[in-house]
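S.K.: Below is a structure I'd like to ask you about.
Each reported figure results from applying straightforward, stated rules to the coordinates on display, with no laboratory input. Quantities reported herein were computed from a predicted structural model and do not represent experimental measurements. We place every Cβ from the backbone using ideal geometry, glycine too, and count neighbours over all the protein chains shown.
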């Protein structure tokens, strides 16, 4: 079983990187639906893999100068509080309820990934919080350093709290909600929001991973093939990203995600998870 | 903040980004290496022993706290080595936050010292804090 889990995790990590959805969205359904793993073990293993891929990718992005460490640090207050709350909630509600919530988030993420992201105007007066917290920054473009201003900080902060709860409850990176907060609300440039969101995912996942570890949800023998598989898959995915037919792949992947969402909701409601 | 030394010195934002990047990279590499060694040892000793994850039964105490994992890693039990690797992985973003705190302290950036301390406190509470 370890070999099959490793291969499946490799595929999940690669798909997660290619589509930008992250490996966690696929790992939990794969482990529960295909391998029949208890969802608590699946979430524990997924959290671990999320930390690995986020930190690995962030190492590269940070050095390229896209990541805004101040924005990331400030919003991490919201995501870590949320992650702790999510991890507590996970211990209170039934595994069936977790499965149903997971399927809803899965469906929402598939829906978001199909819609093209719009680059919002970053002009206009910045939010007073953004100024006070010195969030405005610059990022490298082919035409040189481009400056940007940050908007709607309170809205972004609130959405990040929700992203943290989902991360702690479901063992995922909550990329879709983070992008909602940073693209739509705070109107950050793509490169900045993508890399800063990724930068935050590791800290958010680490906040709930501690609690999962104490609860015994992290099984070493299950987690090691998942972690190493997803990490290798994500690194491979990032490498082949340039040459891949991303739109076609994304459409196929979305169908798979919707199918997984229906399956998880069905099993959750029937009490099969 | 007005002291130009902090802008041109070792703790400029660009240097912090470089440190943070290196810390994350080596943290992940180290954690993955330890986990892989533990995993390979486990497979070597137990082969395709099929564990049952359908039924949730938690983990023995030896594998659920920082101090116990560290103590058991000395015994070289493969599960304990894997868990040590996973613990190093969880510690990597925490170390990153600690490094950020040091950087903001060097820059005398009070607001972000407070912000970073809150995040670091929450992370340490989760990892080491009271039994949940």
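S.K.: Please check which bits of the stretch A:187-201 a label hung off residue A:158 would reach, taking the label as a point 7 Å along Cα-to-C-beta and the cut-off as backbone N under 20 Å.
M.R.: It comes to A:187-188, nothing else.
S.K.: Still on this model: Could you check the simple spin-label distance between residue B:111 and residue B:68, using points 7 Å along Cα→Cβ, in nm with one decimal?
M.R.: 4.3 nm
S.K.: From Cα pairs below 8 angstrom and at least 6 apart in sequence, can you work out the relative contact order of chain A, rounded to a whole percent?
M.R.: 40 percent
S.K.: Could you grab the relative contact order for the stretch A:1-71? Cα pairs under 8 Å, six or more apart, rounded to a whole percent.
M.R.: Relative CO of the stretch A:1-71 lands at 20 percent.
S.K.: Any idea what angle helix A:69-92 forms with the longest principal axis of chain A, computed on alpha-carbon atoms, 0 to 90 degrees, nearest 10?
M.R.: Computed tilt is about 20 degrees.
S.K.: Just need the Rg to Rh number for the stretch A:139-259, please, alpha carbons only, Kirkwood Rh.
M.R.: 1.01
S.K.: Normalise the Cα radius of gyration of the stretch A:1-121 by 2.2 N^0.38 Å (N = residues in it) and let me know the number.
M.R.: 1.17
S.K.: Within the P(r) computed for the protein assembly as shown, what percentage of the Cα pairs occupies the region above 38 Å?
M.R.: Across the protein assembly as shown, Cα pairs with separations above 38 Å total 15 percent.
S.K.: Okay, next question. Spin-label point model (7 Å from Cα, Cβ direction): what's the residue A:248 to residue A:104 distance in nm?
M.R.: Each label point lies 7 Å from its Cα, and together they span 3.7 nm.
S.K.: Please compute the Cα-Cα pair-distance distribution of the stretch A:1-67 with 5 Å bins starting at 0, giving whole percents from short to long.
M.R.: 3, 18, 26, 24, 14, 7, 5, 3, 0
S.K.: Report, to the nearest 10°, how far helix A:220-240 tilts away from the longest principal axis of the Cα atoms in chain A, using its own Cα long axis and a range of 0 to 90°.
M.R.: For helix A:220-240, the angle is close to 40 degrees.
S.K.: Given C-alpha coordinates of the stretch A:112-206, what is the ratio Rg to Rh with the Kirkwood estimate of Rh?
M.R.: Result for the stretch A:112-206 is an Rg/Rh of 0.97.
S.K.: Using mean Cβ contacts within 10 Å as the protection proxy, how do A:45-56, B:85-96, A:25-36 order, highest first?
M.R.: My ranking of the peptides, most packed first, is A:45-56, B:85-96, A:25-36.
S.K.: Within 10 Å of each Cβ in peptide A:50-62, how many partner chain Cβ atoms are there on average? Round it to a whole number, please.
M.R.: The shielding value for this peptide is 6.
S.K.: Return one quarter of the surface area of the convex hull spanned by the alpha-carbon atoms of the stretch B:86-132, equal to its mean projected area, in nm².
M.R.: 3.4 nm²
S.K.: So if the hydrodynamic radius of the stretch A:64-158 is defined as the Kirkwood radius over C-alpha pairs, what does Stokes-Einstein give as its diffusion coefficient at 4 °C and 1.567 mPa s, in µm² per second?
M.R.: 79 µm²/s
S.K.: What's the average, rounded to a whole number, of partner chain beta-carbon atoms within 10 Å of each residue's beta-carbon in B:112-121?
M.R.: Taking the mean over all residues of the peptide, I get 4.
S.K.: How far apart, in nm, are two points set 7 Å out from the Cα along the Cα-to-Cβ line at residue A:4 and at residue A:92?
M.R.: 3.7 nm
S.K.: Return one number: the angle in degrees, 0 to 90 and rounded to the nearest 10, between the long axis of the Cα atoms of helix A:190-215 and the longest principal axis of the Cα atoms of chain A.
M.R.: Tilt of helix A:190-215: around 40 degrees.
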